[in-house]
Every structure is written in structure tokens, then in C-alpha cells.
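The values are calculated or read from the model by the stated rules, or taken from the named source; none is laboratory data. What you are looking at is a predicted structure, and each value in this text was computed from that prediction instead of being measured. We place every Cβ from the backbone using ideal geometry, glycine too, and count neighbours over all the protein chains shown.
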Amino acid sequence: MSKFKEKEKATKLRKKGFSYSEILKKIPVAKSTLSLWLRSVGLAKEQKQRLTEKKLAAAFRGAQARRIYRLTITKEIKNKARSEIGKLSNRELWLIGIALYWAEGTKQKDYNISQKVKFSNSDPEMIKVFLKWLLDICSISKKDIHFRISLHKIAKNKLKTVQKYWSSVTGFKIDNFKGIDWKKHKIYTKRKNRGEKYFGLLNIYVRKSTNLNRKISGWTDGICKYCRVV
């Protein structure tokens, strides 16, 4: 094919909305040559739209590929990290529970030295670990553990679903989740856990646990002393 015919064909393809890369697949010339041939070729609205749609589609494919790559890498890292933990001893679980309560539990204050153990969180896995700590490490009886759910009023219509959810997470009967603390809904909120995945906040209470709370305070002091932060 002569250069003239190649240029003519390239011009027709461009006017149909073909991209440079598409044209180069059909007409094997240098990209600089093609650019020179087509620099004065105008595109109709439909052709511009076609090119825009192709760019968006390519960008979407690229984004999807990057997302799949990130998910793959994340899975590999998590699997390797999971295997690094191995089997936990009772002492290690004891220290984990102390750290959890230190972060998410209600502490005794000078103005309230009789504060009982109260732990609050919305993460089901963290709730499971803390309950295991109470039952297996601190030897707390199940009958001494009770719950209250903190829930936004906007989720009032899914109360039964929420109660069933926390019953399933904890392994306690649904009758243990009748206590509800209703929270006023804010129209403008930065909360991420909304909609179908919102199950409120679970508060775990331990009856007659004032002394346990005091022990936890002493344990955290011991950790601080060992780490030389006090």
C-alpha cells in the first residue's frame, strides 16, 4: 500500500473515531508519521464520544487490574502474618486481654473507684477474643456476663436482626440482648459502618467485677513498668 493510500485510510479511520493505537494496528507506520498525517483531522461529537468512552473503559480496566493486584498482595501478606502467630499460650492470651481492656475498657477513676468491668466494641472478632479472655483466663462464669447494645435510632427497625447478630457472635442466647441504649442519629456523620453492615456497639459487663478491674489496672501498670514508660 502506498503512503498516500495509507494516509487516506488512516484519515478515514480517525474520522470514524478510531484511536491512534487502533489505527497503528491496521496501518504499520511510525507514530510520529501518523501524528503528522492526522494533526489537522477534526472529529465530530460522536467520534470524540467514542474516544472518551474508550479511554474511560481503559482506565476502568486499569483500575480493576490494580485492585486485583492489591487484593492479591494483601491476601498473601495476611496469610504469612497469620502463620507467624501460631499457637498462643495462656500467658500470651492473658496479655492480649489486658491490652484490649486497656484500649477499649472502662477504667476506674479517682472519682469512681468501684467501676466494674465494662468493655465496648463493634468488631465481632475483638468481642470474641475478649469473651474468651474473660471465660478462659479470668474464669468468669457466663451467668455473670451481661450485655447492652448501643444503637442509633435510625436502625430501630432492624433491632431484632441486631440482637440475632450479637447472639450469633457471642454464643449467648438472644434473651441476653434485650438491653438497648438508643443513640440520637446525626444527619451528618463520618461513620463508615452504616446501612446493612451496621449492628451498633456491644457493651460487655461483668457482675461483681470491681476487684477484677483493679487487677487489670495493676496489670497495665506492670506492663508500663516493664516497658520503662513510668
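Rundown of residues vs (1) of a type outside the set (A, V, I, L, M); (2) free of Cβ contacts under 8 Å to residues at least 24 places away in the same chain; (3) outside any helix (DSSP H, G or I), yes/no style:
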position	(1), (2), (3)
Phe4	yes, yes, no
Glu8	yes, yes, no
Thr11	yes, no, no
Gly17	yes, no, yes
Lys25	yes, yes, no
Leu34	no, no, no
Trp37	yes, no, no
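Do you know which residues across the stretch 138-154 are touching a residue at least 60 places away in the same chain (Cβ under 8 Å) and in a strand (DSSP E or B)? Those that are touching a residue at least 60 places away in the same chain (Cβ under 8 Å) and in a strand (DSSP E or B): Ile145, His146. Return a yes/no flag: does the stretch 170-187 have any residue that is within 28 Å of Asn211 (Cβ to Cβ), under 24 Å from the mean Cα position of the chain (by Cα), β-branched (Val, Ile, Thr) and surrounded by 13 or more Cβ atoms within 10 Å (Cβ to Cβ). Checked against the condition, which is being within 28 Å of Asn211 (Cβ to Cβ), under 24 Å from the mean Cα position of the chain (by Cα), β-branched (Val, Ile, Thr) and surrounded by 13 or more Cβ atoms within 10 Å (Cβ to Cβ), the stretch 170-187 yields at least one hit.
Okay, residues lined up against (1) under 21 Å from the mean Cα position of the chain (by Cα); (2) closer than 16 Å to Arg148 by Cβ; (3) surrounded by 14 or more Cβ atoms within 10 Å (Cβ to Cβ):
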{"site": "Leu88", "(1), (2), (3)": "no, no, no"}
{"site": "Glu92", "(1), (2), (3)": "no, no, no"}
{"site": "Ile96", "(1), (2), (3)": "no, no, yes"}
{"site": "Trp102", "(1), (2), (3)": "no, no, yes"}
{"site": "Gly105", "(1), (2), (3)": "no, yes, yes"}
{"site": "Lys109", "(1), (2), (3)": "no, no, no"}
{"site": "Ser120", "(1), (2), (3)": "yes, yes, yes"}
{"site": "Ile127", "(1), (2), (3)": "yes, yes, yes"}
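Does Thr161 qualify as being farther than 28 Å from Asn90 by Cα, under 28 Å from the mean Cα position of the chain (by Cα) and among the hydroxyl-bearing types (Ser, Thr, Tyr)? Taking the combined requirement at face value, the residue satisfies it. Within the stretch 123-151, being in contact with a Gly (Cβ under 7 Å, 6 or more places away or on another chain), farther than 15 Å from Lys208 by Cα and of a type outside the set (Val, Ile, Thr) holds for Phe130, Trp133, Arg148, Ser150, Leu151. Put simply, of Glu6, Glu22 the only residue that is acidic (Asp, Glu), more than 22 Å from Lys55 (Cα to Cα) and surrounded by 13 or more Cβ atoms within 10 Å (Cβ to Cβ) is Glu6. Checking the stated criteria, Asn211 turns out not to satisfy the condition of being among the polar types (S, T, N, Q) and either at pLDDT below 95 or closer than 20 Å to Lys156 by Cβ (or both).
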